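Beneath this line is the structure, given in structure tokens, with notes to follow.
Here, each number is a calculation from the coordinates, and none is a lab measurement. Being a predicted model, the structure only gives us computed values, none of them experimental. Heads up, the Cβs are rebuilt from the backbone with ideal geometry, glycines too, and the neighbour counts pull from every protein chain shown.
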Amino acid sequence: MSTAEKLLKQGRKNEIWTKYCGFLDLSQDEFMEIQERLLMEQINFLKNSEIGKKLLGDNSPTSLEEFRRKVSLTTYQDYELQLKDKNADILPFEPFAWARTSGRSGEFSAKWAPYTKRMYDSLGEVSAGALILSSCSRKGEIYLEPNDIILLATAPPPYTSGHISHSVEDNLPVKFVPSLEEGEKMDFGGRIAEGFNLAMGTGLDYFFGLSSILTKIGERFENGSGNGSFSLANLNFKMLPRLAKGMLKSKLNGRAPLPQDFWDLKGIMSGGTDTNIYRDRIKHYWGKEPLEGYACTEGGNMAVQAWNYKGMTFFPDINFLEFIPFEEHLKSKDDPSYQPETLLYTELQLGIYELVFTNLLGGVFTRYRVGDLIEVTALRDDELNIDLPQIRFYSRADDLIDLAGFTRLTESSIWQVIEAAGVEYEDWTARKEEADGEPILHIYIEPKETYKISLEELKSLIRAGLHQIIPDFADLENMMGRDYLKVSQIQPGSFMKYMEARRSEGADLAHIKPPHMQAPDIVMDRLLQV
């Protein structure tokens with residue numbers, strides 16, 4: 001029996017909160033004490049391994065100051081040769097699991113990360129805290145119960161989200177629908193469809209996965225097509241009570257059925273750049289706001305929102321954290337040989353930083369530049385009395401579109417623009433291109449087939465959205481007296497055909513969909529030709 005199951009069955013809710021959410025009560029000094037203690041432990045783990053000697057040098061650091069002075073910043077290129085064959089002999093510990101992510105930049109076909117047993121367990125323990133925070137409305141409130149039902153909406157191992165699901169099942173007394181064993185035999189669409197079919201009978205307490213999936217399902221319910229993969233008319237008798245209750249609820253409210261009519265979710269956990277974009281629609285469809293988390297393959301679960309759904313707070317015991325100020329980040333981008341300075345957690349101020357981390361708990365990534373920018377939005381959460389910096393994911397470092405050094409556009413900001421424009425669309429992608437010797441923002445968008453709009457009107461709506469969401473863009477155009485926006489309408493079905501073609505070629509799951517930002521020419525040529 002896991003610790004969580006034992007505590008839940010014994011009703012020891014104060015201990016549950018302290019174990020899984022107590023980090024929110026730390027002071028910054030207490031946070032740093034944990035960071036430093038675990039960093040010195042990590043150096044001791046690393047120093048006798050082959051990869052550790054390469055990273056730390058022959059004389060391993062004996063203090064935080066020496067560590068930051070002697071050990072260079074790293075990128076995946078510094079690990080690729082050692083990790084690509086998953087050779088455990090060079091590591092400080094035999095990996096309990098290997099996680100992979102896509103070689104997103106095209107430089108690597110895949111990136112592999114070894115997880116020790118402690119790292120693997122931390123995935124489930126941190127997720128337990130997220131489950132609690134996603135369903136509470138005040139400190140100390142615990143709605144998590146044995147046998148709660150979670151929809152399986154994640155990729156299978158070796159993807160990190162798959163390892164998270166397995167660690168959750170190992171560490172918590174919850175049930176996935178469909179089961180991990182059965183669900184991982186199905187493709188993603190089949191897994192989601194079967195999960196919702198089963199949930200009509202079992203109920204559904206939590207959702208962990210992509211915000212876009214929840215939104216798409218909600219749209220299809222509202223349009224009268226179920227979740228797009230099952231028909232409400234074909235459900236078996238075990239599902240009829242929930243079906244009848246949901247249909248009655250929607251009728252009493254005088255609207256089309258919504259998912260919230262059929263399931264009363266305790267909590268929703270999601271991550272990525274689209275969570276804030278879809279937040280209001282998810283609440284409309286599902287009756288609950290999504291709790292946002294920040295994670296990556298190389299670092300695991302790293303930060304999470306509290307129950308007011310505002311800024312995220314870093315966990316103190318997963319990775320040792322450093323931060324490159326944005327100006328230093330730009331210098332190193334202009335001059336790859338430049339070694340930027342880093343700040344410690346206690347030195348953070350409001351602003352944008354490139355994240356640098358060192359795995360704790362026996363991992364290998366050391367002073368690692370994962371390529372993410374975060375923004376410190378507040379130095380503490382006054383509303384909840386959390387005395388730790390509050391952050392949000394800002395952008396991938398290589399996704400920023402900089403126009404004339406005057407305005408910077410992120411995936412999230414462009415997505416907000418398209419949403420504000422009120423355009424009904426299937427998908428989009430945006431690039432920095434050149435016109436008449438000047439940089440421009442070029443947005444390629446595929447409107448829904450039933451949404452009829454001229455290119456001129458489409459551009460007008462998107463420009464209005466840009467000026468509303470990104471005033472700097474309007475200022476740039478007014479100041480320079482020129483048009484910095486180009487919009488192209490993509491033929492209906494183009495994104496779907498592209499993805500189907502990539503699937504038929506056996507492309508990696510993460511490479512099936514064109515990126516929203518700065519898609520390379522080869523991707524754009526193919527997208528526009530399908």
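Values for this structure:
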| quantity | calculated |
| --- | --- |
| Cα-Cα over 25 Å, subset of K251/K283; K175/K310; K249/K288; K175/K288; K333/K459; K47/K70 | K175/K310; K333/K459 |
| Region 401-529, Cα convex hull volume normalised per residue, Å³ | 109 |
| Note, ³J(HN,Hα) from phi for region 418-432, Karplus 6.51, -1.76, 1.60, rounded to Hz, x at Gly and Pro | 5, 5, 5, 5, x, 7, 8, 9, 8, 6, 7, 8, 9, 9, 8 |
| For L152, residues with placed amide H under 5 Å, excluding near neighbours | V177 |
| Inter-label distance for E426 and Q529, nm, one decimal - labels placed 7 Å from Cα along Cα-to-Cβ | 1.9 |
| The chain, relative contact order in percent, only Cα pairs under 8 angstrom and at least six apart counted | 13 |
| Net +/- balance of residues flanking A474 in space, Cβ distance below 15 Å, scoring K and R +1, D and E -1 | 0 |
| Gained length - L379 relative to Q339, 0.36 nm times residue gap less alpha-carbon distance | 11.7 nm |
| Among Y115, Q42, G224 - extreme Cα towards positive end, dipole of the chain, charges at beta-carbon | G224 |
| Residue-count net charge about P146 - beta-carbon cut-off 12 Å; Lys, Arg +1, Asp, Glu -1 | -1 |
| Around S135: net Lys/Arg minus Asp/Glu count, Cβ-Cβ under 12 Å | -3 |
| Cα-based convex hull volume of the chain per residue, rounded to whole Å³ | 167 |
| A501/A464 FRET efficiency (R0 30 Å; Cβ-Cβ; nearest 0.05) | 0.30 |
| Residue-wise HN-Hα coupling along region 514-519, computed from phi with Karplus coefficients 6.51, -1.76, 1.60 (Hz; x: Gly, Pro) | x, x, 6, 10, 6, 4 |
| Long-range amide H partners of D427 with built H, under 5 Å | E446 |
| Which of L291, A199, H166, positive extreme of dipole for region 146-293 (C-beta unit charges) | A199 |
| Where labels lie 7 Å past Cα in the beta-carbon direction, separation of I522 and E141 in nm | 5.1 |
| For the chain, size of Cβ-based charge dipole, Lys and Arg +1, Asp and Glu -1, in debye | 1780 |
| Of the trypsin sites (Lys or Arg not before Pro) in region 121-206, those whose Cβ has at most 16 other Cβ within 10 Å and which sit in DSSP loop | R138, K139, K185 |
| E347/D280 FRET efficiency (R0 41 Å; Cβ-Cβ; nearest 0.05) | 0.70 |
| Sum of -39500 (n - 2.57) over DSSP H runs of 4+, divided by residues of the chain (222 nm, nearest 500) | -11500 deg cm²/dmol |
| Highest average packing first - 65-77, 313-325, 26-38, Cβ atoms within 10 Å | 313-325, 26-38, 65-77 |
| Volume in Å³ per residue [convex hull over Cα atoms, computed for region 325-418] | 143 |
| Normalised contact order of region 401-529, rounded percent, pairs of Cα under 8 Å and 6 or more residues apart | 29 |
| Rounded to the nearest 20 debye, dipole of region 329-462 from Cβ charges on Lys, Arg, Asp, Glu | 380 |
| Mean Cβ neighbour count within 10 Å, used as a protection proxy, ranking 140-151, 122-133 highest first | 122-133, 140-151 |
| 14 Å Cα-Cα reach of K216 towards aspartates and glutamates, excluding residues that sit fewer than 8 places from it in its own chain | D274, D280, E424, E426, D427 |
| Pairwise label distance in nanometres, L64 with M1, each label 7 Å out on the Cα-Cβ vector | 4.0 |
